[in-house]
Ligand code: AMP
């Protein structure tokens, strides 16, 4: 933003605004947290973490719903060590994987619940601590010791570790440095001209970069207000927008679709205060964009983000600049090019793999030389997405090279599901795949070949014990043989097409 120093760390991000302004508004209970309070809470919790023995680089897993505890603990963990936020919907086995994989030193949970995470932590001998929030909106670690002060983070420190699905069953670890996130936040604030007058409603989970970086950190850097409900609630959404004076929100097409179907043709009260609506993390159908603009009466800007880029790579601009349906817009503060398999850059209009370069892009996966060798060509990061740039430099995404199921923006590695299915004693072969779904965009399905009799319900129940709900196949095809290509290969897309035809 004009006149603001470029941030280098998350500490810079939250230091930019005047002390007395409202940083966070919790619509349940109407609690307002000022920037001064937020900064104090983050400092106190970072010190408490240091007093618990956390040092730079130590991973702190958090298992929290959206809200103030998730925001304060993310910031504090990224200052004292490295934040590793996890989906609270995971099952015990999934928590065990993530705790072990990140080498978690501490797990932070809500005062109540999170039993599966607590059991997983106990089994691995990792201490779990509870967070509490008082009526004034101050979050603390219950019974935390004192005595030590956390030192300020440096730009190269890893602020955040997340996972993206890999080509094996094991997700890849993405270490995101303070400077990566700071660059991303700066790009987003500049691109949408966010200011202190903006109020963003955060309905995306805070364990992904979409909710964390686009809705929350960008707003904090601009000095605006983040409205942080515990979850997306279509019944209270517009009331919150109206009462809190929301000026923009970002969401996945699944959420936009739910809001549209509830609105019918009538503009919801509160929508008149919106400067723009942002859509990201999955393809926004042009007819949905057109309907949103007509019914909600605000420009709809589709953006393109990914974990490895600390979220935003491209976005359509605000009016009067042109926004193009079916396009994710030009690169925002980063370079975008299209590459063929051999690593040649392709001209405008030609389809190939989307590759990116910029200060928000991570330098590599952690402890994964094989994935790094595949993902970087001449200093360009290969996104695994397919697309082309038009003559104006706007990017259109046309497909995916990487194997993942995009269920309402939540990415699922199909091999992880194969492996769970294959661990069932009756399953001989298994292939998971995405199938089109009217609400989710894609939904998870799977085909199995049995080596002994088993009921579909048994196998699905087996999955439910081991996989978070969003990853569980909703449809299981029990078949005699997995369909193969002419050359004998199993291609998920082909299996999906054959079975759903
Ligand atoms: P994640 O790391 O969970 O943010 O997922 C990143 C992936 O989401 C990208 O590589 C794309 O495959 C997909 N994605 C993000 N934004 C869009 C979009 N606007 N349209 C289509 N796919 C998208």
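The values are calculated or read from the model by the stated rules, or taken from the named source; none is laboratory data. Note that this is a predicted model, so its numbers are computed, not measured. Neighbour counts run over all protein chains shown; Cβ positions are idealised from the backbone, glycine included.
Can you report the number of residues in the stretch 359-380 which are closer than 15 Å to residue 304 by Cα and in contact with a strand residue (DSSP E or B) (Cβ under 6 Å, 6 or more places away or on another chain)?
Qualifying residue count, the stretch 359-380: 1.
Is there a residue in the stretch 149-157 that is within 20 Å of the chain's Cα centre (by Cα) and over 17 Å from residue 220 (Cβ atoms)?
no
Check the stretch 330-347 and report whether any residue there is surrounded by fewer than 16 Cβ atoms within 10 Å (Cβ to Cβ) and either closer than 24 Å to residue 222 by Cβ or within 12 Å of the ligand (Cβ to nearest atom) (or both).
No.
Can you tell me which of 226, 252, 295, 328 is assigned by TED's automatic domain parsing to the domain that holds residue 172 and modelled with pLDDT of 95 or more? Break it down into steps so the answer makes sense when it comes.
Details: 252 fails: assigned by TED's automatic domain parsing to the domain that holds residue 172; 295 fails: assigned by TED's automatic domain parsing to the domain that holds residue 172; 328 fails: assigned by TED's automatic domain parsing to the domain that holds residue 172.
226 is the lone residue from the list that is assigned by TED's automatic domain parsing to the domain that holds residue 172 and modelled with pLDDT of 95 or more.
Quick check: anything in the stretch 229-247 within 15 Å of the ligand (Cβ to nearest atom), buried (at least 19 other Cβ atoms within 10 Å of the Cβ) and without any contact (Cβ under 8 Å) to a residue 60 or more places away in the chain? Give the derivation first.
Taking the stretch 229-247 as the starting set, the residues that turn out to be within 15 Å of the ligand (Cβ to nearest atom) are none.
Checked against the condition, which is being within 15 Å of the ligand (Cβ to nearest atom), buried (at least 19 other Cβ atoms within 10 Å of the Cβ) and without any contact (Cβ under 8 Å) to a residue 60 or more places away in the chain, the stretch 229-247 yields no hits at all.
Would you point out the residue of the stretch 216-228, among those that are assigned to a helix (DSSP H, G or I) and more than 22 Å from residue 253 (Cβ to Cβ), that is nearest to the ligand (Cβ to nearest atom)?
Filtering first and then ranking leaves 217.
Would you call residue 111 crowded, with 21+ Cβ neighbours inside 10 Å and either over 20 Å from residue 410 (Cα atoms) or assigned by TED's automatic domain parsing to the domain that holds residue 208 (or both)?
Criteria not met by residue 111.
Yes/no matrix, rows are residues, columns are (1) in a helix (DSSP H, G or I); (2) away from the ligand (no atom under 16 Å from the Cβ); (3) surrounded by 20 or more Cβ atoms within 10 Å (Cβ to Cβ):
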{"site": "169", "(1), (2), (3)": "no, yes, no"}
{"site": "174", "(1), (2), (3)": "no, no, yes"}
{"site": "181", "(1), (2), (3)": "yes, no, yes"}
{"site": "186", "(1), (2), (3)": "yes, yes, yes"}
{"site": "189", "(1), (2), (3)": "yes, yes, yes"}
{"site": "194", "(1), (2), (3)": "no, yes, yes"}
{"site": "204", "(1), (2), (3)": "no, no, yes"}
{"site": "214", "(1), (2), (3)": "yes, no, yes"}
{"site": "256", "(1), (2), (3)": "yes, no, yes"}
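Taking the stretch 134-155, which residues are more than 14 Å from residue 79 (Cβ to Cβ) and either surrounded by fewer than 20 Cβ atoms within 10 Å (Cβ to Cβ) or without any contact (Cβ under 8 Å) to a residue 60 or more places away in the chain (or both)?
Matches in the stretch 134-155: 134, 135, 136, 138, 140, 142, 143, 144, 145, 146, 147.
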